[in-house]
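All remarks here apply to the structure that follows.
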Amino acid sequence: MNRRSGALVAGTVTAALVLSACGGGSSTDNTSKSDGQKGGFNAALTTVVNPSDKKGGTLKLTNHDDPDSYDPARTYYANIWNFMKGYYVRTLLTNEAKPGEDGLKLVPDMATEMPKVEDGGKKYTFTLKDGLKFEDGSPITSKDVKYGIERNFAQDVLSGGPTYLIDALDQDQKYPGPYKDPDPNKLGLKSVQTPDDKTIVFTLKAPLSDFPYLLAMPGAGPVPKDKDTGVKYGDKPVSSGPYKFQSYDAGKKAVLLRNENWDPKTDSVRKALPDQIEIVFGTAVEEIDNQLISGQVDLDTAQTGVQQGSQAKVLLNPEVKKNADAPTTGFIRYFSINTKVAPFDNIHCRKAVIYATDKIAMQTARGGPDAGGDIATNMLPPNIAGHDPKLDPLNTKSGKPQIDKAKEELALCGKPNGFETVLATRNSGKEPKTAEALQQSLGAIGITARLDPSDASLYFRSTIGSPSNTLAKGYGLMMAGWGADYPTASGFLKVLVDGRLILPSGNNNYSELNNAEVNSLIDKAQAESDQTKAAEIWSQINKLVMDESVDVPFTYDKALNVRNPRLTNVFISQYYGMVDFGSLGVTS
């Protein structure tokens, strides 16, 4: 999930990075690059804090929520992608493990080099490195990579993850995934060929400049066919990286140990320093903050920031603050308005909600401008090419509600006295308080929004990610947050607004917007190889989406996170907007 811009030319892939705010944009960033070696507030934004090659010890991680899945084809949380790619899932390409803009570049991981690109950008050929093995010692072949990619197509079994690979590779074949594949080897996807165990060839229907980024997602990682347990694979996935699962007790704890069959000579990205990695689930968010501040745990893998009540304990205590960072993450915090739930099929009712929204109150609930983020006015964050800071069709930049305009819109939609609706939210982190702030501001114009909190691990997949469920529950409003799946506007906005990607489960177009002009411009932008021109098209798409009044951004996210001073090799990966987990070590 996270950001920027890539350009493609025949024969080579070049990351053309466009960055204006991600990582170093905090107004409280007062640490120079040279100071980063010694630590300090925001030091990890641009430098490696406590660099070390020391191996050993146990890395102690925590998270209030269970993962949505440890199956690489099913997960869609940024912190789980970061965890997977750092520890047990390798891909053909991955992002460089470095702070700053260097961390946005794609580099070979299992591949020997960047792909050979032919046929005007429609054919990609990769060669696998020697010495790649799964945790059981069996060699990783091109067929394992193809099979892992094919699993993404089995949406009836493995829903929840991104569907970019399906969109790029199905090409009207209507491939059902390996579980229903009539091919005896379960390798029937025609657009991916494996002429030998070291070579894999992708043939696209049309050039797609962002395609290399799709192959850096965990869902493009290898899976051994004979170890695939289908819907249960996430309970004990097979490692291709430096660590393997010793145990995973859902809701309680996961323990990873070294994978003795991982060869560091094949891996220039991962440090693999700790002997053991432990992650505890289910701890109350306030207690996580206490454990971070006291040094009982090393890091909160959610990386969404300490709670509002703990922010002063961090920012006003120099000894704690020097071990904290508050990057602009590249995420947008927003809520979606469901066009399929009355009265939000009427644009005036949607505009009434937007005018009534107190963005300052919602920003305050997330920590204010220093720890929660700046007021957002449109659906492309500042670090993505195509962002227009002036795009604000309903004049929401001040963050203050516009009550008179809201009441005018209520009258236009035939609900002058307001109406009732349901506001869906996760039951963890800062989101409940943020939802309460929205609820209160809507009450000022007679809109009664009943909160319906639910478990975070299922929220995006089946709670608001299932259109049938949102309709049945009457979810008119749905809290959400989003960071780019890869660093281009396509990687950020496409799945949120493309009407052709509305799925029965794991849907990300929560408003169910299906605008023909938006859909057409998306195709035009994705076919455009000139990244400047592509950014201009995405800017047009963003404007059309904002004119529809279906998604309401309220902050460009910042996250105040605390790191244990015993951690080594700490830096913020701009690719994920959070600490790079796979580089971490401990001093004891």
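The values are calculated or read from the model by the stated rules, or taken from the named source; none is laboratory data. These figures come from a predicted structure and were not determined experimentally. Here Cβ is always computed from backbone atoms with ideal geometry, including for glycine, and neighbour counts include all displayed protein chains. Quick note on the areas: whole protein, heavy atoms, side chains included, nothing else; ligands and nucleic acids left out. Shrake-Rupley method; radii C 1.70, N 1.55, O 1.52, S 1.80 Å.
Computed on alpha carbon atoms, what radius of gyration and Dmax characterise the range 482-575, expressed in Å?
Rg and Dmax of the range 482-575, Cα atoms, are 16.5, 53 Å.
So, with a 1.4 angstrom probe, what is the percent of accessible area on the range 434-476 that is carbon and sulfur? Spell out each step's value before the answer.
Details: 890 of 1660 Å².
Ligands and nucleic acids excluded, carbon and sulfur reach 54 percent.
For the chain, give the magnitude of the charge dipole about the Cα centre (Cβ charges: +1 Lys/Arg, -1 Asp/Glu; no others), in debye to the nearest 20.
420
Once the mean 1/r over all distinct Cα pairs of the range 292-391 is inverted, what Kirkwood radius in angstroms do you read off? Could you put the intermediate results ahead of the total?
Values: mean 1/r = 0.0616 Å⁻¹.
About 16.2 Å for the range 292-391.
If you place +1 on the Cβ of every Lys and Arg and -1 on the Cβ of every Asp and Glu, how big does the dipole about the Cα centre of the range 232-381 come out, in debye to the nearest 20?
Numbers: 18 positive and 18 negative charges, 95 e Å.
For this selection, approximately 460 debye.
How do the peptides 556-569, 177-190 rank, highest first, by the average count of neighbouring beta carbon atoms within 10 Å per residue? Write down the numbers at each step before the final one.
On the way: 556-569: 23.1, 177-190: 15.8.
Taking the mean over residues of other Cβ atoms within 10 Å, the ranking is 556-569, 177-190.
Taking +1 at the Cβ of each Lys and Arg and -1 at the Cβ of each Asp and Glu, which of SER462, ASN395, SER441 sits farthest along the dipole of the range 382-485 towards its positive end, judged by Cα position relative to the Cα centre?
SER441
With the contact rule set at Cα under 8 Å and sequence spacing of 6 or more, what percent relative contact order holds for the chain? Intermediate results must be reported in sequence, preceding the final value.
Values: 1462 pairs, mean separation 143.0, N = 588.
Normalised by residue count, the contact order of the chain is 24 percent.
Where the convex hull is taken over the Cα atoms of the range 55-130, what is its projected area averaged over directions, in nm²? Don't skip to the answer; put the middle values down first.
Numbers: hull surface 31.4 nm².
Mean orientational projected area (the range 55-130, Cα hull): 7.8 nm².
Using the heavy atoms of the protein chains and a 1.4 angstrom probe, tell me the accessible area per residue for the chain in square angstrom. Before the final figure, lay out each step's value.
Numbers: 20650 Å² over 588 residues.
Computed with neighbouring chains in place, this is 35 Å² per residue.
Candidates (1) 3, 13, 18, 19, 17, 13, 9, 5, 2, 1, 0; (2) 3, 13, 21, 20, 14, 9, 7, 6, 4, 2, 1, 0, 0; (3) 4, 18, 29, 28, 16, 5, 1; which is the computed P(r) over Cα pairs in 10 Å bins from 0, in percent?
(3)
Mind ranking 442-449, 317-324 by how tightly packed they are, going by the mean number of other C-beta atoms within 10 angstrom, highest first?
Values: 442-449: 18.8, 317-324: 16.5.
Output ranking for 442-449, 317-324: 442-449, 317-324.
Full extension from LYS225 to LYS116: what is 0.36 nm times the residue separation minus their Cα-Cα distance, to one decimal in nm? Numbers along the way, then the final one.
Numbers: separation 109, 0.36 × 109 = 39.24 nm, distance 2.70 nm.
Length difference between fully extended and current span is 36.5 nm.
Which of the helices in the chain, when you take each full DSSP H run, stretch at least 20 Å along the axis at their Cα atoms and have an average Kyte-Doolittle score of -1.0 or higher? Before the final figure, lay out each step's value.
On the way: long enough: 531-548 (26 Å, -0.48).
For the chain, where a helix must reach 20 Å along its axis and average at least -1.0, the hits are 531-548.
Using every alpha carbon pair in the range 212-274, what percent of pairs falls into each 10 Å bin from 0 up to the bin containing the largest distance?
With 10 Å bins starting at 0, P(r) equals 18, 45, 35, 3.
For every helix of n ≥ 4 consecutive DSSP H residues, a contribution of -39,500 (n - 2.57) applies; sum these over the chain, divide by its total residues, and give [θ] at 222 nm rounded to the nearest 500 deg cm²/dmol. Show your work: numbers first, answer last.
Details: 16 runs with 141 residues, N = 588.
Taken over the chain, the calculation gives -6500 deg cm²/dmol.
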